[in-house]
Amino acid sequence: MRPQLSLLLLVTAPLGVTYSALPSSAAPTTLDQDAELRGFLDEAYDDQIALSPEGETELGVKTGYDRLDDYTDAGRVRLQHLKDDQLRNMQVRFRQKDLGANARLNFRLFKYEVERSRSALKFRNLRFPVSTNGSPAGDIPALMINSHKIDTVADANAYIARLREFERVMREVSATMRKQAAAKIVPNKVNFAPARDDALRIITGFPFDKNPDSPLMADFRKKVTALRLPGAEENKLIEDASAALTGPLRRGYDELLRTLTLIEPLSTGNYGAWHLPDGEAYYADRLKNWTTTDLTADQIHKLGLRQVAAIRQEMEEIKREIGFSGSLEQFFNKVRSDTGSQFKYPNTEAGRKKYLSDARTVIASVMAAAPRYFRVLPKVPLEVRAVEKWREKTSTTAFYNPPSEDGTRPGIVYFNLVDLTQTQKIQVDSIAAHEGAPGHHFQFARQMELADMPKFRQYTFYGSYGEGWGLYSERLADEMGIYKDPYARFGMLSLQVWRAIRLVVDTGIHAKKWTRNQAIDYFHTNSSLSDTDIAREVDRYFNDPGQATAYMVGELKIMELRQRAKRELGSKFDIRDFHEAVLSHGSLPLDVLDEQVNSYIAAKR
């Protein structure tokens, strides 16, 4: 995922709020400059995305439909050079002080994006391309199945061409991993088994063996059959796809599996970023990237400890309301281990269908209540799906996939239903609220529909803003009446404390040299998550330094801004206008979001 913003100018103001447009005395040259900058920025975005055929496919664009991305170091450097050239050209052609309010913001955010990307580039060789957080071996099949549409024979041939491209991609990824290993940059031990398992699932089934169709073969056959071609033409396409799968694609996966086998003995344990060359600077960069603040690891760690303590007090109140007489830790164990229908779904296909059905019910309830809390709702629909079997081992508990640019692919919430004995029924409502509505869908799909901002802002994702909004949405769902009993509210709090724990554990792992067992023990003591989910979470933090800190940092900022607006506006405060102020310009660094809300307060006052 990815999203940016300010509020000095809105083309469409929410009801009840009047925002100032450009002053009536604004010279036409200012308007011309604004329009010219918009054109420049859109062209810059198009040039950047042209270097990513996979990114174009995610947007629903069929340019480069027969190619996959460049996974080499040279490819990453090439993209940064392009961005740097674009920034230099923008600063030569435009002067920020000569632009209108919104255009100044566009200028500022494009500069921020390029400079942030440049700062991160120097640490690029410290990131593992294959981990428990996923890899091209699973991500590209997901792209093919979910985003590569086959509307014509040409699209089918492009799909086959991409199957052949897998060999190049896996060789590039393998080369990166071997180069890293030679520099003693080796993935943690926990990465190898899940990565190997997911890769093997892709090359299991027809045409690799006599079992039913493999995931990609099943997808290709289904899409080609829907074209209703003459039998001979359809058979030829199936044969070509089979040859691509058993030939270049299989060779690519074999190369990746060989590399994993070669490197695994070099892994000596599970370590945080501190263990890497220049690891302290790398982690500081990741924290700045994900939180969009200058908070240090120590400050974030202490913030997490305070939040864990505060949320535990809220959980104590729910525990008393329920009537449980034991300690909070004992209640955690009850929720974690109780196999009754109140806390667990049956670990069966019927149980999985019920889970998805309950998630859809939550989202429908949110949509019914939403007009009382939002001025504008996203136009594109939202779907609920289970994570595909072949990427369950390296997928998170749940995640959101944005819609395509043209709206033909909906927003999608995925739930990982690999083992329902480890899934808590009381958390479903909050997870659906976070990943779906009013969470990521209301933020990301809405952002993509903001046609009056440059493309790069429609698709940019700042972790603290986007994940902060998702976490805020879990509490908002309570206000909206979505949680029907104390257990559902406890489920919400269990997710809130989960994100507070992340502040402690992420900084513990990467700055304070916590072991994997230390991180798991702290998690277990302060949450009701299952042991499986805790282990999966901790491994995720090891593999993506700083990402886990974005959620709570962002939520706390949004809550702070909401309290400020209520305090300063008094009776003029309307929750719909506040949400419009937060969402109406897309994703933003938190300091810019602060400015936006201040502008909304001033305009309303």
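Looking at (1) over 25 Å from the mean Cα position of the chain (by Cα); (2) at positive phi; (3) open to solvent by less than 20 Å² (accessible area, probe 1.4 Å), which one does Phe332 not meet, given that it meets all the others?
For Phe332, the exception is condition (2).
Answer yes or no: is there a residue in region 191-207 that is assigned to a helix (DSSP H, G or I), open to solvent by 40 Å² or more (accessible area, probe 1.4 Å) and either under 30 Å from Tyr462 (Cα atoms) or of a type in the set (S, T, N, Q) (or both).
no
What are the pairs, 6+ residues apart or on separate chains, where a residue within region 156-172 that is over 18 Å from Asp139 (Cβ atoms) has its Cβ under 7 Å from a residue that is part of a helix (DSSP H, G or I) and modelled with pLDDT of 95 or more?
If the second residue must be part of a helix (DSSP H, G or I) and modelled with pLDDT of 95 or more, the pairs left are Ala156/Val224; Ala156/Leu237; Ile160/Asp240; Ile160/Ala241; Ile160/Ala244.
Residue check, Asn517 against (1) farther than 25 Å from Leu328 by Cβ; (2) of a type outside the set (A, V, I, L, M, F, W, C); (3) at pLDDT 95 or above; (4) out of contact with any strand residue (DSSP E or B) (no Cβ under 9 Å at 6 or more places or on another chain), all met but one. Which one?
All conditions are met except number (1).
How many residues, within region 412-457, are of a type in the set (Val, Ile, Thr), out of contact with any helix residue (DSSP H, G or I) (no Cβ under 6 Å at 6 or more places or on another chain) and not in a loop (DSSP other than H, G, I, E, B)?
The number of residues fulfilling the criteria is 3.
Which of the numbered conditions does Arg178 fail, given that it passes all the others? Conditions: (1) in contact with a strand residue (DSSP E or B) (Cβ under 7 Å, 6 or more places away or on another chain); (2) under 23 Å from Pro136 (Cα atoms).
Going through the list (1) in contact with a strand residue (DSSP E or B) (Cβ under 7 Å, 6 or more places away or on another chain); (2) under 23 Å from Pro136 (Cα atoms), Arg178 breaks only (1).
Taking Ala368, is it among the aliphatic types (A, V, I, L, M), without any contact (Cβ under 8 Å) to a residue 24 or more places away in the chain, open to solvent by 20 Å² or more (accessible area, probe 1.4 Å) and under 22 Å from Ala433 (Cα atoms)?
For Ala368, the condition - among the aliphatic types (A, V, I, L, M), without any contact (Cβ under 8 Å) to a residue 24 or more places away in the chain, open to solvent by 20 Å² or more (accessible area, probe 1.4 Å) and under 22 Å from Ala433 (Cα atoms) - is met.
Could you tell me which of the residues Ala182, Ala199, Ala175, Ala195 is free of Cβ contacts under 8 Å to residues at least 12 places away in the same chain and under 23 Å from Tyr71 (Cα atoms)?
When all the criteria are applied, what remains is Ala182.
Looking only at region 335-348, which residues are modelled with pLDDT of 95 or more and farther than 20 Å from Ile431 by Cα?
Thr348 - this is the single residue of region 335-348 that is modelled with pLDDT of 95 or more and farther than 20 Å from Ile431 by Cα.
Got a number for residues in region 221-262 being more than 31 Å from the chain's Cα centre (by Cα), open to solvent by 40 Å² or more (accessible area, probe 1.4 Å) and either within 17 Å of Arg168 (Cβ to Cβ) or among the aromatic types (Phe, Trp, Tyr) (or both)?
Selection size over region 221-262: 2.
Given (1) surrounded by fewer than 19 Cβ atoms within 10 Å (Cβ to Cβ); (2) basic (Lys, Arg); (3) assigned to a loop (DSSP other than H, G, I, E, B), identify the lone condition not met by Arg409.
The one condition Arg409 does not meet is (1).
Going through region 563-587 one residue at a time, which ones are in contact with a helix residue (DSSP H, G or I) (Cβ under 6 Å, 6 or more places away or on another chain) and basic (Lys, Arg)?
Within region 563-587, just Lys572 meets the criteria.
Please verify whether region 383-396 includes one or more residues that are open to solvent by less than 50 Å² (accessible area, probe 1.4 Å), at pLDDT 95 or above, farther than 23 Å from Val130 by Cβ and not in a helix (DSSP H, G or I).
Yes - at least one qualifying residue is present in region 383-396.
Yes/no per residue for (1) in contact with a Phe, Trp or Tyr (Cβ under 7 Å, 6 or more places away or on another chain); (2) under 22 Å from Arg124 (Cβ atoms):
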{"position": "Asp219", "(1), (2)": "no, no"}
{"position": "Ala241", "(1), (2)": "yes, no"}
{"position": "Asp254", "(1), (2)": "no, no"}
{"position": "Gly269", "(1), (2)": "no, no"}
{"position": "Asp278", "(1), (2)": "no, yes"}
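Scanning for something on the phi < 0 side of the Ramachandran plot, open to solvent by less than 20 Å² (accessible area, probe 1.4 Å) and at pLDDT below 95, does region 429-437 turn up at least one residue?
no
Go through region 454-479 and report how many residues are open to solvent by 10 Å² or more (accessible area, probe 1.4 Å) and hydrophobic (A, V, I, L, M, F, W, C).
2
Which of (1) closer than 30 Å to Ala44 by Cβ; (2) modelled with pLDDT of 95 or more is the odd one out, the single condition Asp452 does not satisfy?
(2)
Tally the residues that are of a type outside the set (Phe, Trp, Tyr) and over 30 Å from Phe542 (Cβ atoms), restricting the search to region 94-134.
15
Do you know which of the residues in region 574-605 that are among the charged types (D, E, K, R) and open to solvent by 20 Å² or more (accessible area, probe 1.4 Å) is nearest to Leu295 (Cα to Cα)?
Asp591
The values are calculated or read from the model by the stated rules, or taken from the named source; none is laboratory data. Quantities reported herein were computed from a predicted structural model and do not represent experimental measurements. Neighbour counts are summed over all protein chains in view; Cβ atoms, including those assigned to glycine, are modelled from backbone coordinates with ideal geometry. Remember, those area values only see protein heavy atoms, side chains included, never the ligands or the DNA or RNA. Shrake-Rupley method; radii C 1.70, N 1.55, O 1.52, S 1.80 Å.
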